[in-house]
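Student: This is the structure, below, for whatever I ask next.
None of the figures in this text is laboratory data; all of them are computed from the coordinates on show. All of these numbers come straight from a predicted model, not from anything done at the bench. As a convention, Cβ positions derive from the backbone with ideal geometry for all residues, glycine included, and neighbour counts pool all protein chains shown.
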Amino acid sequence: MVEPDFAEDKLQKASKAAHGIGKWIRAIVSYDDAMKIVTPKKIELAKAVEMSAEAQRVWDSAKERLAAVLAEMKRLVD
C-alpha cells in the first residue's frame with residue numbers, strides 16, 4: 001500500500017530526486033516481498049535435489065546388484 005504522501009505523482013511534482021528515490025524504495029520493497037516467497041522455495045528445492053541424488057544412488061546400486069545376479073544366472077544356465 002502506498003502512503004498518500006509518497007504517491008508517485010506527488011513525488012514527481014516534489015522533485016526528480018524524490019521521484020527517483022521513491023521508485024528505488026518501491027523496487028526494494030517489491031524485491032523483499034519476492035524474496036520472502038523465493039528463498040523458502042530455493043531451500044525446499046535444494047532438499048529435493050539432495051533426496052533425488054540419494055534415491056538415484058540407491059537405484060544405481062540396485063541395478064548393479066541385479067546385473068550381477070543376472071550375469072551369475074546366465075553363467076549357471078550356460
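Student: Taking the Cα atoms only, what angle lies between the long axis of helix 16-77 and the longest principal axis of the chain, rounded to 10 degrees?
Tutor: Relative to the chain, helix 16-77 is tipped by roughly 0 degrees.
Student: Under a no-solvent Debye model with one identical scatterer per Cα of the chain, what's log10 I(q)/I(0) at q = 0.18, 0.20, 0.25, 0.27 Å⁻¹?
Tutor: -0.83, -0.90, -1.05, -1.11
Student: Something else about it: Summing Lys, Arg as +1 and Asp, Glu as -1, what charge do residues with Cβ under 13 Å from the Cβ of V38 carry, V38 excluded? Working shown, then result.
Tutor: Working: positive: K36, K41, K42; negative: D32, D33, E44.
Here the count lands on 0.
Student: Please give the net charge around A18, taking every other residue with its beta carbon less than 12 angstrom from that of A18, where Lys and Arg add +1 and Asp and Glu add -1.
Tutor: +1
Student: Hey, with R₀ at 25 Å, roughly what FRET efficiency would K36 and F6 work out to, going by the Cβ-Cβ distance, to 0.05?
Tutor: 0.70
Student: Considering the Cα positions of region 33-78, please state its Rg to one decimal place and its Dmax as a whole number of Å.
Tutor: Values for region 33-78 (Cα only, Rg and Dmax): 20.0, 67 Å.
Student: How large is the dipole of the chain about the Cα centre if only Lys and Arg carry +1 and Asp and Glu carry -1, each at its Cβ, rounded to the nearest 20 debye?
Tutor: Values: 14 positive and 13 negative charges, 32 e Å.
Dipole size: approximately 160 debye.
Student: Could you work out how much longer the chain between E50 and K16 gets when fully extended? Use 0.36 nm per residue separation minus the Cα distance between them, nm to one decimal.
Tutor: 7.3 nm
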